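First up is the structure itself, then whatever we jot down about it.
The values are calculated or read from the model by the stated rules, or taken from the named source; none is laboratory data. Being a predicted model, the structure only gives us computed values, none of them experimental. When we count neighbours, we look across all protein chains shown, and the Cβ atoms used for this are built from the backbone with ideal geometry, even at glycine. These accessible areas exclude ligands, DNA and RNA; they are computed on the full protein's heavy atoms, side chains included. Shrake-Rupley method; radii C 1.70, N 1.55, O 1.52, S 1.80 Å.
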Number of protein chains: 2
Amino acid sequence: VKQAEPQSGEDRIIAQFRALARHPGAFGLNDDAAALHPPAGCDLVLTADAVVAGVHFFADDPPEAVARKALRVNLSDLAAKGADPAGFLVSLALAASAGEPWVAGFARGLAEDAERYACPLLGGDTVKSPGPTMVSIAAFGFVPNDKMVRRAGARVGDAVVVTGTIGDAALGLRLRRDAKVAGPWMLDAAAREFLIGRYLVPQPRNAVAVAVRRHASAAMDVSDGLAGDLEKLCRASGIAAEIRLADVPLSDAARSAIVQDADLMEAALTGGDDYEILCTMAPGQVTSFRSATAAAGGPSRNSSTGSRSS
Amino acid sequence: VKQAEPQSGEDRIIAQFRALARHPGAFGLNDDAAALHPPAGCDLVLTADAVVAGVHFFADDPPEAVARKALRVNLSDLAAKGADPAGFLVSLALAASAGEPWVAGFARGLAEDAERYACPLLGGDTVKSPGPTMVSIAAFGFVPNDKMVRRAGARVGDAVVVTGTIGDAALGLRLRRDAKVAGPWMLDAAAREFLIGRYLVPQPRNAVAVAVRRHASAAMDVSDGLAGDLEKLCRASGIAAEIRLADVPLSDAARSAIVQDADLMEAALTGGDDYEILCTMAPGQVTSFRSATAAAGGPSRNSSTGSRSS
């Protein structure tokens, strides 16, 4: 089945990525593997997430945005685990429709985010897909030994905190699918753009990873919806939690839409793609966590602190 | 685009893999990330390779074999870099046709190889593919600091050595595509089965990784054909190499076929999927390397030592 790919085509694709690979352990993408020198006293945190055209993104999304989403969903996992990014590998299966301009845009988006989040490309693999384009990224981070923040660890009496607003991406996806829904939601152009942007390009909270590591008893990122993800965190911790709907932080745009159509609150809580960090901590830690996240430039004013696990 | 997957379906898939995840840092696949404690004085070696149905394997290959190939192509990279396996992450994009029995077979193949090569599953991701099944694996290994064997490093005067026979998989692929070619090749059933097996399930040379680390000036695994891969190694090292065709180690099956059809020699040298280690070393190292690989149970009698880089 495997065809020898024309050397020049594969070489041109790799050349697009070579500029990203400035980490000395990437060996300029001229080797079969990368090498990382782990700092003394640190554990390596490893995560992998794939995104598929037609499932996790639209085939006509800009390639820069596809690259960002693919990397950021992984960066979000590192942030939720309290880890500092160390690098990533990318496996890219390219649909026939994804030609050189697409690859160039993808490489550009990846390069910008690798720089922004200090998470260098270390290596990877490019293959042909007879179906849709798929991007699988494995990302790596460091934490002090045994300090990875687990899902297990929440204690009875802990507060439940999120690092930003919930439901924006779920509503943004509905707008992306059918722009007409925005009429009844009474949203202006800026609000529509905000929600669609929250779906298209996640904002991983790596700036607050250290604060999570120092304050949280348990954490995970919200990718499948706050309701289901909180249930997973509780199950791993062997506890239960109560959330007051009124305490769930909403953006102005999401609040406006929900005021017009109360059923959207369920979509906001279950829709996913929030990529905020959900964590639990002793109630006495919350003020300090807010200060730390504010100092780190991360969002904190919207943290929900009203709910207690029980 | 993203649909909330039924919790029970995704849970059942993850349950198939949970039995593999016995490494303490995999946290029983109950977390967002894995944690590895790097041994003191070691670098982490990282590699990723994807395989796609219809490109790198046949859609009707047994799922156990697909799992093995997906893991072993990565294990082969670790071996060629002189690294001891530490674990892997798997991203699995499942075609609609890949139901629970397929996933169960895949998990079984993966479990057996994870055990055989002491390379535990650390985590991963399972998504739906609207196209073919794709498997992307990122694998990790350890080497003493700065001891990863590079492609760059071959020196003028070095011998060129491979760890086993070349071209079997390329001929096996032709047989897998069209069983009738075996007639003119004058192969018996055992020879046909041997060649097809070399294509279907690579035999990564992890048993000789330490010997490669101790003896080789440069190394890579042969995945795209000996001719092209040697050219890549030479380019990275800034040298050139000469190979005498008569010195390229061939299996009895491949030799029989080539005797009948001399054009098959080109297929053997360019076809790829050999997953032997190609390395260079000072001529004085070759005997010691042969002994070390023989002691490690790896193939060594077929090593080609007649060629010199120049």
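Of all residues in segment A:158-169, those that are touching a residue at least 24 places away in the same chain (Cβ under 8 Å) have Cβ atoms under 8 Å from Cβ atoms of residues that are assigned to a strand (DSSP E or B) and open to solvent by 10 Å² or more (accessible area, probe 1.4 Å), 6 or more apart or on another chain, in A:Asp158/A:Arg308; A:Ala159/A:Arg308; A:Val160/A:Ala241; A:Val160/A:Arg308. Is it the case that some residue within segment B:242-254 is among the polar types (S, T, N, Q) and surrounded by 18 or more Cβ atoms within 10 Å (Cβ to Cβ)? So far as segment B:242-254 goes, yes, one or more of its residues are among the polar types (S, T, N, Q) and surrounded by 18 or more Cβ atoms within 10 Å (Cβ to Cβ).
So that you can scan it fast, the table gives a plain yes or no per residue for (1) within 22 Å of the chain's Cα centre (by Cα); (2) facing chain B (nearest Cβ under 7 Å); (3) over 30 Å from A:Ser217 (Cα atoms); (4) open to solvent by 10 Å² or more (accessible area, probe 1.4 Å):
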{"site": "A:Ala35", "(1), (2), (3), (4)": "no, yes, yes, yes"}
{"site": "A:Gly41", "(1), (2), (3), (4)": "no, no, no, yes"}
{"site": "A:His56", "(1), (2), (3), (4)": "yes, yes, yes, yes"}
{"site": "A:Asp60", "(1), (2), (3), (4)": "yes, no, yes, yes"}
{"site": "A:Ala80", "(1), (2), (3), (4)": "yes, yes, no, no"}
{"site": "A:Asp84", "(1), (2), (3), (4)": "yes, no, no, yes"}
{"site": "A:Gly87", "(1), (2), (3), (4)": "yes, no, no, no"}
{"site": "A:Gly105", "(1), (2), (3), (4)": "yes, no, yes, no"}
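Please go through segment A:219-232 and pick out each residue that is more than 10 Å from chain B (Cβ to nearest Cβ) and either more than 23 Å from A:Ala50 (Cβ to Cβ) or over 17 Å from the mean Cα position of the chain (by Cα) (or both). Once the filter is applied, which keeps residues that are more than 10 Å from chain B (Cβ to nearest Cβ) and either more than 23 Å from A:Ala50 (Cβ to Cβ) or over 17 Å from the mean Cα position of the chain (by Cα) (or both), segment A:219-232 yields A:Ala227, A:Leu230. Please find, within segment A:282-306, the residue that is surrounded by the most Cβ atoms within 10 Å (Cβ to Cβ) out of those that are among the β-branched types (Val, Ile, Thr) and modelled with pLDDT of 90 or more. That would be A:Thr293. Regarding B:Asp49, is this residue charged (D, E, K, R), over 17 Å from B:Ser223 (Cβ atoms), touching a strand residue (DSSP E or B) at 6+ places or on another chain (Cβ under 6 Å) and within 7 Å of chain A (Cβ to nearest Cβ)? The answer is no for B:Asp49.
Could you list, in sequence order, the residues of segment B:137-185 that are of a type in the set (Lys, Arg), surrounded by fewer than 16 Cβ atoms within 10 Å (Cβ to Cβ) and within 12 Å of chain A (Cβ to nearest Cβ)? Correct list: B:Arg177 only.
Which ranges mark the helices (runs of 4 or more DSSP H) fully within segment A:1-119 that have 3 or more residues being at pLDDT 95 or above and in contact with an Asp or Glu (Cβ under 8 Å, 6 or more places away or on another chain)?
Of the helices (runs of 4 or more DSSP H) lying wholly inside segment A:1-119, those with at least 3 residues that are at pLDDT 95 or above and in contact with an Asp or Glu (Cβ under 8 Å, 6 or more places away or on another chain) span A:63-80, A:100-116.
Among the residues of segment B:192-215, is there at least one that is open to solvent by less than 30 Å² (accessible area, probe 1.4 Å), assigned to a loop (DSSP other than H, G, I, E, B), in contact (Cβ under 8 Å) with a residue 40 or more places away in the chain and farther than 30 Å from A:Val51 by Cβ? No: zero hits.
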